[in-house]
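S.K.: My structure is below; once you've seen it, I'll send some questions.
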Amino acid sequence: MKLLLVAVNAKYIHSNPAVYSLKAYAGQYAEQIQIAEYTINNRREEILADLYQKRPDLIAFSCYIWNWELIQGLFSDIKIVMPHVRIWLGGPEVSHLAEEILIQHSEVEGIMLGEGEETFLELTQYYLDQSGSLEEICGIITRTGKTNTRSPLELSKIPFLYEDPDTFENRIIYYESSRGCPFRCSYCLSSIDKTVRLRNNELVKKELKHLLDKRVKQVKFVDRTFNCNKEHTVEIWNFLTENDNGFTNFHFEVSADILRDEELEILSKMRPGLVQLEIGVQSTNPETLQEIDRFADFEKLKKAVARIHAMKNIHVHLDLIAGLPFEDFDSFEHSFDEVYQMSPHQLQLGFLKVLKGSKMHQNAEKYGMVYSTHPPYEVFQTKWLNYNEVLGLKRVEEMVELYYNSNQFTTTLKFLQMHFTSSFRLYQELAKFYVEHEYHIKTPSRVARYEVLLQFASAIDSQNTELYAQALTFDCYLRENMKSRPTFSNQLDTFKDELKEMKKQKNITGKENHLEPFYYPVWSEENQMLTKRERPWVICFDYSKRNPLTYEAYYEVIS
């Protein structure tokens, strides 16, 4: 009998640690268990054909909000072409409304609820060894009813998933050093697991050393709040600092307001690019934070982020959620501005997902929440935010993603910001400009976005069009060694011979360098001059040296 664990990921670079963990825990049956991974970009027919070729006897799907609709579409087709196959489900998307799913999908034999390692092992023993009964397996539901709840698993019992990380080449390695979350945020399913369990630190260090020795590109910790236990955090971060291979990047989700001096001191000693931090702010509205059971101290968070920025070695990612209780349009604008002023390298503007099983789901009617009946159950409107306002925030989100998070327009955006009373208004007006010119229908290419931003800048400040052209040229060369000059850049005919001679004098050779004349100074906090110079500065961009946090080229004024 062959068992097949199936994962459908959001992108190719993602992997599904859940299916690998199930297989590893059922290690004595490894020869009879296979893993099949696909993405949501695969057509249903392609997945079905591949499943058929694998000739499984049992298929267990790992179900999440991003793949649930695609997986549901497979059930009936699987039963048509492989009527003997038993279908089992597991994962957060099916754990909380399991009874309804069994009623809706007669093809499904059962559902694993909650943590799956021990449950899947016993299920494997039941089918392969034909021992015991389904009623004796804790943590499942079948058509005969639900069995007893399974106790939380000791995390250190789970085998290491990445003995051969080459299997995950060009993909993110997801690593788990803890389960559960000490916080009770009402929108999050992690709040249901009220016990925080840590994997043994010696085991964690041994496994991380293996990944460091293999020089994997990125390890993303899936711990909900990595720094919830100070001793655990300090020991792991010290270990990474001492064993840094100069290449691997580690991603952590942390609560910045509970970072202590000792932890911040360790971070300050790290190689630039060794770690990156994702920090959930969600809202700065005190009433909203209290209602969603998120008791974060925003002032402490702000100070911690400022201190991290001053280190200049940590990539910082800040999150906001639109659609939360008591957050209207003006309140969200205020939250956006406060977070934007903290200058994150990435600002994620997300929208509330009303997840089944969460406290938010239970209180949705109380909040007047109208949300999609299809995954990912995103909010349409609330008592405080109407659908038209949500659509406006969606357009702002797109502008933030294209222009801020791309990190391609940093200089130009700082100049543009001077014309708006708030950072939010800048992206709101840019979104309106996109709609007026129908760019929201045909999104401009990456290169064309520079030209669109120049059009926008000219529309709001026509007297300084040349300044913005210079700023965009600077931004362009800061990120890319262009093969051809941007159409809006200065023509080099006047300076061609001078630049050639300057290269000789300064001994600037190779294709990894570019000289560019600028009549306006580049942005600096001290010097915000807008006056045009009579003779341009010449800036040398060196693409062999890049900022590991922003990927910007090293540059200096050479004349």
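S.K.: Taking the range 336-368 as the search range and keeping residues that are of a type in the set (A, V, I, L, M) and touching a helix residue (DSSP H, G or I) at 6+ places or on another chain (Cβ under 8 Å), which one is nearest to LYS414 (Cα to Cα)?
M.R.: MET342
S.K.: Please go through the range 269-298 and pick out each residue that is in a helix (DSSP H, G or I) and in contact (Cβ under 8 Å) with a residue 24 or more places away in the chain.
M.R.: Within the range 269-298, GLU287, THR288, GLU291, PHE298 qualify.
S.K.: Of the residues SER190, SER186, SER151, SER156, which single one is under 30 Å from VAL354 (Cα atoms), among the small types (Gly, Ala, Ser) and part of a helix (DSSP H, G or I)?
M.R.: Of SER190, SER186, SER151, SER156, the one residue that is under 30 Å from VAL354 (Cα atoms), among the small types (Gly, Ala, Ser) and part of a helix (DSSP H, G or I) is SER190.
S.K.: Within the range 221-230, take every residue that is touching a strand residue (DSSP E or B) at 6+ places or on another chain (Cβ under 9 Å) and surrounded by fewer than 19 Cβ atoms within 10 Å (Cβ to Cβ) and give me the one that is nearest to LEU264 (Cα to Cα).
M.R.: Per the criteria, the residue is ASN229.
S.K.: Kindly indicate the residue of the range 315-335 that is in contact with a strand residue (DSSP E or B) (Cβ under 6 Å, 6 or more places away or on another chain) and aliphatic (A, V, I, L, M) and also surrounded by the fewest Cβ atoms within 10 Å (Cβ to Cβ) among those meeting that condition.
M.R.: The extreme case among them is VAL316.
S.K.: Looking at GLN34, GLN53, which one is among the polar types (S, T, N, Q), at pLDDT 95 or above and touching a Pro at 6+ places or on another chain (Cβ under 8 Å)?
M.R.: Going through GLN34, GLN53 in turn, just one is among the polar types (S, T, N, Q), at pLDDT 95 or above and touching a Pro at 6+ places or on another chain (Cβ under 8 Å): GLN34.
S.K.: Moving on. Is it true that some residue in the range 156-178 is in contact with a strand residue (DSSP E or B) (Cβ under 6 Å, 6 or more places away or on another chain), small (Gly, Ala, Ser) and not assigned by TED's automatic domain parsing to the domain that holds ILE103?
M.R.: Yes; the residues of the range 156-178 include at least one that is in contact with a strand residue (DSSP E or B) (Cβ under 6 Å, 6 or more places away or on another chain), small (Gly, Ala, Ser) and not assigned by TED's automatic domain parsing to the domain that holds ILE103.
S.K.: Now, a different point. Go through the range 382-485 and tell me which helices (runs of 4 or more DSSP H), entirely inside it, have 2 or more residues that are more than 27 Å from the chain's Cα centre (by Cα) and not assigned by TED's automatic domain parsing to the domain that holds THR550.
M.R.: 410-417, 423-436, 448-460, 465-479
S.K.: Something else about it: Evaluate the range 117-140: report whether one residue or more is modelled with pLDDT under 95, in contact with a Leu (Cβ under 7 Å, 6 or more places away or on another chain), among the acidic types (Asp, Glu) and crowded, with 16+ Cβ neighbours inside 10 Å.
M.R.: No, that holds for no residue.
S.K.: For the range 531-545, name all the residues that are out of contact with any Lys or Arg (no Cβ under 9 Å at 6 or more places or on another chain) and assigned to a strand (DSSP E or B).
M.R.: Selection gives TRP537, VAL538, ILE539, PHE541, ASP542, SER544, LYS545.
S.K.: Tally up the residues in the range 231-257 that are surrounded by 18 or more Cβ atoms within 10 Å (Cβ to Cβ), of a type in the set (Val, Ile, Thr) and either closer than 15 Å to SER178 by Cβ or without any contact (Cβ under 8 Å) to a residue 24 or more places away in the chain (or both), please.
M.R.: 3
S.K.: Exactly one of (1) under 29 Å from LEU549 (Cβ atoms); (2) modelled with pLDDT of 95 or more; (3) surrounded by fewer than 19 Cβ atoms within 10 Å (Cβ to Cβ); (4) touching a Lys or Arg at 6+ places or on another chain (Cβ under 6 Å) is unmet by PRO165. Its number?
M.R.: (2)
S.K.: Further, regarding this structure: Does the range 336-375 hold any residues that are under 19 Å from SER186 (Cα atoms), within 20 Å of the chain's Cα centre (by Cα) and buried (at least 17 other Cβ atoms within 10 Å of the Cβ), and which are they?
M.R.: Correct list: LEU349, PHE351, LEU352, LYS353, VAL354, LEU355, PRO375.
The values are calculated or read from the model by the stated rules, or taken from the named source; none is laboratory data. Treat the numbers as computed from the prediction; the structure is a model and nothing was measured. Backbone-built Cβ (ideal geometry, glycine too); neighbour counts: all protein chains shown.
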